[in-house]
Amino acid sequence: MEELDRQDVVLLTELQRDSHQTVQQLAERVGLSSTPCWKRIKEMEGSGIIRGYTALIDREKVGLALCVIAELNLTRHNEDVVSQFEQAVADCAEIVGCYSTTGQADYVIKVLAPDIKSYERFLHETVFKLPGVTHVRSSVVLKEIKAETRLPINLPGENERAKARRR
């Protein structure tokens, strides 16, 4: 992990809250002048800490009302099958999250679709044809309680200090 100081943490927190802020606005919130603030942002972009910027879109308002979490198992776990599977998943727009997991499933994917018929079609035309897939168990999301994109960034030991202050 990159060594982050308090100003970096505040800067990253502010960018996650609203990446449309100007460098001047960010600098004021972080307690720096504009040039050092801009340099920190560029360094974090260059090192890959900041991977990019995006708009958060309400999926239901763009016609993606159905969210499904599916557990997948592969027939074999050799390098070729895993590589082909992971590349096919990466190329599939409907799959918005994919995690290699321990436990009963080899992978867990998050799929967005307009409705259940669309998801059924997606299963037959895409998921069942993914390289190596032998088993799929789907769970339809009834209610999304939390779908946070912000990372809980803290300085090392900050969580412990906060807990101690609350006691």
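Where a number appears in this text, it was derived from the coordinates with a stated rule and is not lab data. Note that this is a predicted model, so its numbers are computed, not measured. Every residue, glycine as well, gets a Cβ built from its backbone with ideal geometry; the counts of neighbours run over all protein chains shown.
Side notes on the structure shown:
- 3J(HN,Hα) along the range 80-96, derived from phi through the Karplus expression 6.51 cos²θ - 1.76 cosθ + 1.60 where θ = phi - 60°, amounts to 5, 4, 4, 4, 5, 4, 5, 5, 4, 5, 4, 7, 9, 5, 5, 8, 9 Hz, with x in place of Gly and Pro.
- Net charge of neighbours whose Cβ lies under 14 Å from the Cβ of Ser83, counting Lys and Arg as +1 and Asp and Glu as -1: -4
- Lysines with Cα under 29 Å of Lys146, excluding same-chain neighbours fewer than 8 positions away: Lys61, Lys110, Lys117, Lys163
- For the range 115-130, Karplus couplings with θ = phi - 60° (6.51, -1.76, 1.60), whole Hz, Gly/Pro x: 7, 5, 5, 5, 5, 4, 5, 4, 4, 6, 8, 10, 4, 5, 9, 5
- Inverse mean reciprocal Cα-Cα distance (Kirkwood Rh) of the range 1-129, Å: 18.0 Å
- Residue among Val108, Leu66, Leu151 farthest towards the positive dipole end of the chain, charges placed on Cβ: Leu151
- Dipole magnitude for the range 1-112: computed about the Cα centre from +1 point charges on Lys and Arg Cβ and -1 point charges on Asp and Glu Cβ, it is near 380 debye.
- Between the amide H of Leu66 and those of Ala113, Asp115, distances stay under 5 Å, these residues lying 5 or more places away or on another chain, with hydrogens modeled in the peptide plane.
- Note on Gln87/Gln7: beta-carbon distance plugged into 1/(1 + (r/R0)^6) with R0 of 45 Å gives a FRET efficiency of 0.70.
- Separation in nanometres of the label points that stand 7 Å from Cα toward Cβ, at His124 and Ser138: 1.1 nm
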